[in-house]
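For reference, the structure discussed in these notes is given below.
The values are calculated or read from the model by the stated rules, or taken from the named source; none is laboratory data. Computed from a predicted model, the values in this text were never measured in an experiment. Cβ atoms come from the backbone with ideal geometry, glycine included; neighbour counts cover every protein chain shown. Areas reflect the complete protein model, heavy atoms only, side chains present, ligands, DNA and RNA absent. Shrake-Rupley method; radii C 1.70, N 1.55, O 1.52, S 1.80 Å.
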Amino acid sequence: MRRLTMALATALATVTAMPAYAQVEVDIEGGISEPLPIAVPVMPTPQAASTPAGSTDALGRQLAEIVATDLRNSGLFKPAGPAGLPPVAMGQVQSPDYAAWSGAQALVQGYVRAEANGTLTIGCYLYDVFARTELTRQGFNVAPSEWRRAAHKCADAVYTRLSGEGPYFDSRIVYVSETGPKGRRIKRLAIMDQDGANHRFLTNGQSIVLTPRFAPNQQSIVYMSYVNERPAIYIYDLGSGKQRLLVQNTSLTFAPRFSPDGRYVLFSMAQAGNTDVYRVPAAGGSPQRLTNSPGIDTGGSYSPDGSRIVFESDRSGGQQLYVMNADGSNQQRISFGGGRYGTPVWSPRGDLIAFTRQGGGSFRIGIMSPSGSGEKLLSDAWGDEGPSWSPNGRVLTFFRSAQGSGRTEVWSVDLTGSNIRRIPTALDGSDPSWGPIRP
């Protein structure tokens, strides 16, 4: 199993203190015995100043709270602070009083400064407390409205330096916001930060929407909508708020997803009692048929390099997963476990495929290799489905349906299956899609 090195001076709870040059190995996939203790005190300001986002001294506390929450939610860290920790003077930000932080193995410090041009400068520093060394530093100059993004980027810098994995905190999730009684749900497109903050609605709920998916450039979203009570695929432009019909066809079209380069959209179309996977230029044009077997082929998702597609099909008599080349050739079944498999999505790392497995009266989130080996179920509830990968391919978001009421919530789980949590949404939420890291 793949192992990652953390450049820290002391081991986790099961390991005794070691010399400053020692390395700690953390098995991200297998889990760790104890999260890493890390201190995140309030970020000081050289001079308290009022900004459109609030005073800089208040922002220093809020920034530290977001960094600590991000790290805690990853499951790899046990943050202390900012509440209850001693204040940090500006002069200590770059020259820590290591003796004051002996209870932690790592330390995150920073500062907030208001600039004359109205922007904010936010510094972020990571230290190894045992070795008394700086591990990384980042600086962000942002508009006051973007201060939360600076906090997420600081957390990303800490996470990537200590885990060896790519970032994922400064990202967004688009999903379907739901309200109303079961059977008559109002469904609207909504978007939020990955932690549930900065929530806003994109559509008004006059038409049901399903399966929203980000474009790689994050400037648009493809989704299915029941405009005039007929399922069709639309693209929503986040800049203008306008939407356009993608496929000019009277047939039922659904399950859209962008290609990795954003040039095409995979989707499913039902014609003459048969459903197949197609692709169409994102700018519009004539669809190209990729599958041609009796039954239902749907749910296509590209590999990160765009060379292959995973999809679901009932051609064998039950709903299973298949992989084919991007042109539709070489179609091969990869799922052979009990139950039915659906909603496959390829990891951005290329090493795994996530899916929903239905069996025994429940729906669960699982992963397997592109060859079908190493199948592992990550959730164990009654109605978990619709996985979507974080930008670094180490966390999945999905939605959970309550038995009986039909109410839905957005959740996340990491590859260990042990760090599972609910992501707060303004209303009920389903069909989440995790976008890339923001530029």
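Between E178, E146, the distinction of being among the acidic types (D, E), free of Cβ contacts under 8 Å to residues at least 60 places away in the same chain and out of contact with any His (no Cβ under 8 Å at 6 or more places or on another chain) belongs to E146 only.
Which count do you get for residues in the range 233-266 that are of a type outside the set (K, R), touching a strand residue (DSSP E or B) at 6+ places or on another chain (Cβ under 8 Å) and more than 20 Å from Q288 (Cβ to Cβ)?
Within the range 233-266, the subset of a type outside the set (K, R) is 233-241, 243, 245-256, 258-262, 264-266.
Among the residues that remain, those that are also touching a strand residue (DSSP E or B) at 6+ places or on another chain (Cβ under 8 Å) are: 233-238, 243, 245-247, 249, 251-256, 258-260, 264-266.
Filter once more, keeping what is more than 20 Å from Q288 (Cβ to Cβ): 236-238, 243.
Residues flagged as of a type outside the set (K, R), touching a strand residue (DSSP E or B) at 6+ places or on another chain (Cβ under 8 Å) and more than 20 Å from Q288 (Cβ to Cβ) within the range 233-266 amount to 4.
Total residues in the range 304-337 satisfying the condition of being surrounded by 13 or more Cβ atoms within 10 Å (Cβ to Cβ), among the charged types (D, E, K, R) and in a loop (DSSP other than H, G, I, E, B): the figure is 2.
Does T211 fit the bill of being assigned to a loop (DSSP other than H, G, I, E, B) and of a type in the set (V, I, T)? Full working, then the answer.
Values: assigned to a loop (DSSP other than H, G, I, E, B): no; of a type in the set (V, I, T): yes.
When the stated conditions are applied, T211 does not pass them.
Using the structure shown, decide if A426 is under 19 Å from the mean Cα position of the chain (by Cα), surrounded by fewer than 20 Cβ atoms within 10 Å (Cβ to Cβ) and assigned to a loop (DSSP other than H, G, I, E, B). Against the criterion (under 19 Å from the mean Cα position of the chain (by Cα), surrounded by fewer than 20 Cβ atoms within 10 Å (Cβ to Cβ) and assigned to a loop (DSSP other than H, G, I, E, B)), A426 qualifies.
Right, T298: open to solvent by 20 Å² or more (accessible area, probe 1.4 Å), of a type in the set (S, T, Y), touching a Ser or Thr at 6+ places or on another chain (Cβ under 8 Å) and free of Cβ contacts under 8 Å to residues at least 60 places away in the same chain or not?
Numbers: open to solvent by 20 Å² or more (accessible area, probe 1.4 Å): no; of a type in the set (S, T, Y): yes; touching a Ser or Thr at 6+ places or on another chain (Cβ under 8 Å): yes; free of Cβ contacts under 8 Å to residues at least 60 places away in the same chain: yes.
When the stated conditions are applied, T298 does not pass them.
Residue pairs whose Cβ atoms lie under 6 Å apart, separated by 6 or more positions or on different chains, with the first residue in the range 369-391 and on the phi > 0 side of the Ramachandran plot and the second acidic (D, E) and not in a loop (DSSP other than H, G, I, E, B), are G386/D431. Scanning the range 338-366 for residues being closer than 19 Å to G417 by Cα, without any contact (Cβ under 8 Å) to a residue 40 or more places away in the chain and surrounded by fewer than 21 Cβ atoms within 10 Å (Cβ to Cβ) gives a total of 3.
Taking the range 248-260 only, how many residues are part of a loop (DSSP other than H, G, I, E, B) and either at pLDDT 90 or above or buried (at least 22 other Cβ atoms within 10 Å of the Cβ) (or both)? The number of residues fulfilling the criteria is 2. Here the range 67-98 is the region considered, the condition is being closer than 14 Å to I38 by Cα and part of a helix (DSSP H, G or I), and the residue that is farthest from the chain's Cα centre (by Cα) is Y98.
Any residue at all in the range 213-230 that's surrounded by fewer than 17 Cβ atoms within 10 Å (Cβ to Cβ) and in contact with a Phe, Trp or Tyr (Cβ under 8 Å, 6 or more places away or on another chain)? Give the steps one after another, and end with the answer.
Looking only at the range 213-230, we keep the residues that are surrounded by fewer than 17 Cβ atoms within 10 Å (Cβ to Cβ), and these are 216-217, 219, 226-230.
Checking which are in contact with a Phe, Trp or Tyr (Cβ under 8 Å, 6 or more places away or on another chain) leaves us with 216, 227.
The answer is yes; a qualifying residue exists.
Scanning the range 45-66 for residues that are of a type outside the set (A, V, I, L, M), open to solvent by 20 Å² or more (accessible area, probe 1.4 Å) and more than 24 Å from the chain's Cα centre (by Cα) gives T45, P46, Q47, S50, T51, P52, G54, S55, D57, R61.
Kindly evaluate R188 against the criterion of being surrounded by fewer than 22 Cβ atoms within 10 Å (Cβ to Cβ) and in a strand (DSSP E or B). Answer is yes for this residue. For the range 405-420, a tally of residues being open to solvent by 30 Å² or more (accessible area, probe 1.4 Å) and within 11 Å of E178 (Cβ to Cβ) returns 2.
Do the conditions hold for A155, that is, is it among the small types (G, A, S) and buried (at least 22 other Cβ atoms within 10 Å of the Cβ)? Criteria met by A155.
T397 meets the conditions (1) touching a Lys or Arg at 6+ places or on another chain (Cβ under 8 Å); (2) in a strand (DSSP E or B) in every case but one. The failed one is (1).
Residue by residue through the range 273-295, note down the ones that are closer than 15 Å to M324 by Cβ, modelled with pLDDT of 95 or more and surrounded by 14 or more Cβ atoms within 10 Å (Cβ to Cβ). Result: D276, V277, Y278, R279, L290, T291. Within the set G110, G118, the sole residue that is under 17 Å from P82 (Cβ atoms) and either touching a residue at least 24 places away in the same chain (Cβ under 8 Å) or open to solvent by less than 30 Å² (accessible area, probe 1.4 Å) (or both) turns out to be G110.
Assess whether A270 counts as being closer than 22 Å to P212 by Cβ, small (G, A, S) and at pLDDT below 95. Answer is yes for this residue.
Okay, residues lined up against (1) of a type in the set (V, I, T); (2) modelled with pLDDT of 95 or more; (3) more than 15 Å from the chain's Cα centre (by Cα):
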| position | (1), (2), (3) |
| --- | --- |
| G166 | no, yes, no |
| R172 | no, yes, no |
| Q194 | no, yes, no |
| S207 | no, no, yes |
| P212 | no, yes, no |
| A215 | no, yes, no |
| I221 | yes, yes, yes |
